[in-house]
Amino acid sequence: MSFEEQPALNTADCDVASAFRVLQRIEAEEVMLGEGLVIARALPSSRRRTIGAWCFLDHFGPADVSAGPGMRVGPHPHIGLQTVSWLLEGEVLHRDSLGYVQTVRPGQLNLMTAGRGISHSEESPAIRSARLHGAQLWIALPEGARHIEPAFSHHEDLPVVIRDSLQITVILGEAFGKRSPGHVFTPIVAMELTSEHGIDTVLPVNSSFEYGVLVLEGSAEVAGEQLESRTLLYLGCGRKNLRIRTAGPACVLLIGGAPFHEPIELWWNFVGRSKEEVEGAGRDWNSFSDYFGVVTGFEGERLSAPKPPWRA
Ligand code: MN
């Protein structure tokens with residue numbers, strides 16, 4: 001069954017769809033990030049808001065950042081979510097209001113827990129590789145964790161499993177009996193699947209999770225669907241395994257989780273439960289409230305919250 005030719009799903013349809021095995025192709029939307037990096041936003045989209053508690057998925061690059069500013073995202077706030085930074089090439093330097101200054105590189109995880117509130121900046125370091133390529137994801141925090149104190153962690157030693165010549169890095173959650181050291185608050189998983197040459201394998205997956213896959217490099221056939229980069233394939237729940245085939249070098253991001261039923265309001269850099277809540281967070285940030293702390297060391301302007309679309 002395919003939703004390819006069907007009109008956009010509304011939220012109610014998403015809830016129905018997430019109870020079944022489905023194949024829904026979601027074309028990422030190209031947007032500008034900060035001062036000059038084009039990114040493909042696969043989540044949220046008009047066709048899907050969440051996969052498990054995953055509520056945001058940006059794929060940036062591959063881009064030549066040897067000249068020009070590269071990535072430069074000035075200080076900005078977050079509430080109610082965790083951010084996951086994952087690179088295939090290059091470096092991103094993170095600074096936050098807790099005082100962490102941490103460069104993330106390919107194969108490493110930067111995991112920031114905003115909880116009740118944090119601010120950070122992200123930039124290409126002055127001394128850097130020519131190419132930048134990666135993904136940033138957000139995880140919505142559940143009610144019981146969304147008001148906790150903010151935290152940041154960096155992990156360089158993530159579990160790696162080889163299966164039928166497919167290299168599987170467990171970025172978050174658990175797979176093949178291996179657990180990522182990154183702390184999460186709902187049952188979710190993220191894996192990077194890398195093949196050096198053509199492979200054909202069947203991966204066991206959790207039938208109570210819904211899953212999505214995004215090709216980051218090369219191309220792959222997943223559950224019978226041919227995928228290029230820029231297409232997110234949503235797979236729904238109820239699968240016991242997933243067939244993955246590649247014809248050559250490829251890198252695929254696989255995310256999943258227990259369907260997240262809390263009604264989130266996602267606006268700008270905030271995940272809340274109501275428009276009033278996220279609008280209030282934007283007002284606090286724009287009025288330089290000390291609630292979000294201060295990011296030091298970023299040479300450039302901090303970002304301002306725009307006017308919410310419901311105020312336009
Ligand atoms: Mn951010």
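Below, the figures for the structure above:
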| read-out | value |
| --- | --- |
| Per-region count, the range 72-90, residues away from the ligand (no atom under 11 Å from the Cβ) and modelled with pLDDT under 95 | 1 |
| Subset of the range 91-125 [of a type in the set (A, V, I, L, M) and either away from the ligand (no atom under 12 Å from the Cβ) or outside any strand (DSSP E or B) (or both)] | Leu93, Leu98, Val101, Val104, Leu109, Leu111, Ala114 |
| Residue match in the range 236-256 (condition: crowded, with 16+ Cβ neighbours inside 10 Å, of a type in the set (D, E, K, R) and more than 16 Å from the ligand (Cβ to nearest atom)) | yes |
| Residues that are farther than 14 Å from Ala250 by Cα and over 19 Å from the mean Cα position of the chain (by Cα), drawn from the range 165-206 | Phe176, Gly177, Lys178, Val202, Leu203, Pro204, Val205, Asn206 |
| Out of Arg146, Arg128, sole residue that is in a loop (DSSP other than H, G, I, E, B) and either surrounded by fewer than 19 Cβ atoms within 10 Å (Cβ to Cβ) or of a type in the set (Gly, Ala, Ser) (or both) | Arg128 |
| The range 97-119 residues that are among the aromatic types (Phe, Trp, Tyr), paired with ones that are within 15 Å of the ligand (Cβ to nearest atom) (beta carbon under 6 Å, 6 or more apart) | Tyr100/Phe152 |
| Evaluation of Ala42 against (1) surrounded by fewer than 21 Cβ atoms within 10 Å (Cβ to Cβ); (2) at pLDDT 95 or above; (3) under 19 Å from Val271 (Cα atoms) (one fails), failing number | (1) |
| Residue that is surrounded by the most Cβ atoms within 10 Å (Cβ to Cβ), among those in the range 265-286 that are within 15 Å of the ligand (Cβ to nearest atom) and either of a type in the set (Phe, Trp, Tyr) or in a loop (DSSP other than H, G, I, E, B) (or both) | Trp285 |
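The values are calculated or read from the model by the stated rules, or taken from the named source; none is laboratory data. Computed from a predicted structure; not experimentally measured. Heads up, the Cβs are rebuilt from the backbone with ideal geometry, glycines too, and the neighbour counts pull from every protein chain shown.
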